[in-house]
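Nothing in this text is a laboratory measurement; each read-out follows from the coordinates by a stated rule. Here the structure is a predicted model, which means the values were calculated and not measured. As a convention, Cβ positions derive from the backbone with ideal geometry for all residues, glycine included, and neighbour counts pool all protein chains shown.
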Amino acid sequence: MKIVHEKLKGLESKWNLTWDFLGHKKYVDPEMCSQRDWNQTLITKVNQISAQMHMSTSLDPGNTIVTGPKCAVLIESCEYFNSNLRNIGRFSFIVDDEIDENVIYVYGLNKIDECPKEKLNNLIGKIEIKNYEQTT
């Protein structure tokens, strides 16, 4: 994977969550919730990681989403995705061709230079997408 910022090279993500692509089928009547509707809950996970970054560093929250082409479709399907600006709300969106796994990374890059070295891994979050391979 390309490193979005040189300072983050070789660091493991501090914040790790999972999101189930087919999660809505377990709990909700398909008539009430479409896959596109369910995909919006992925942004909730992004926001959760972003908030953890903010609380653990006292710096700005996460502001950049990075994923491969396979999972980019999920972000691009979300209601507030802006294809012209390549963002979703306050998050910049980067597609990295070297990421081929079912993962979305969230980075806090706003004030990376102000973050103490021992807390840099607090600026990396990872969302593992479950059950996505069953549909692609």
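What to note about this one:
- Each principal axis of the Cα cloud of segment 11-61 was evaluated for its coordinate range; sorted largest first, these ranges are 42, 19, 14 Å.
- Under 5 Å, built H, 5+ apart or other chain: amide partners of Lys111: Asp60
- Taking each of Lys14/Lys111; Lys45/Lys111; Lys45/Lys130 in turn, the alpha-carbon distance tops 19 angstrom for Lys45/Lys111.
- Debye log10 I(q)/I(0) for segment 62-136, one point scatterer per Cα, at q = 0.11, 0.16, 0.21 Å⁻¹: -0.31, -0.61, -0.95
- Kirkwood Rh in Å, taken over segment 32-83 so that all alpha-carbon pairs contribute: 12.2
- Radius, Kirkwood style, for the chain when every pair of distinct Cα atoms is counted (Å): 15.3
- This model, with +1 at the C-beta of Lys and Arg and -1 at the C-beta of Asp and Glu, gives the chain a dipole about its Cα centre of some 320 debye.
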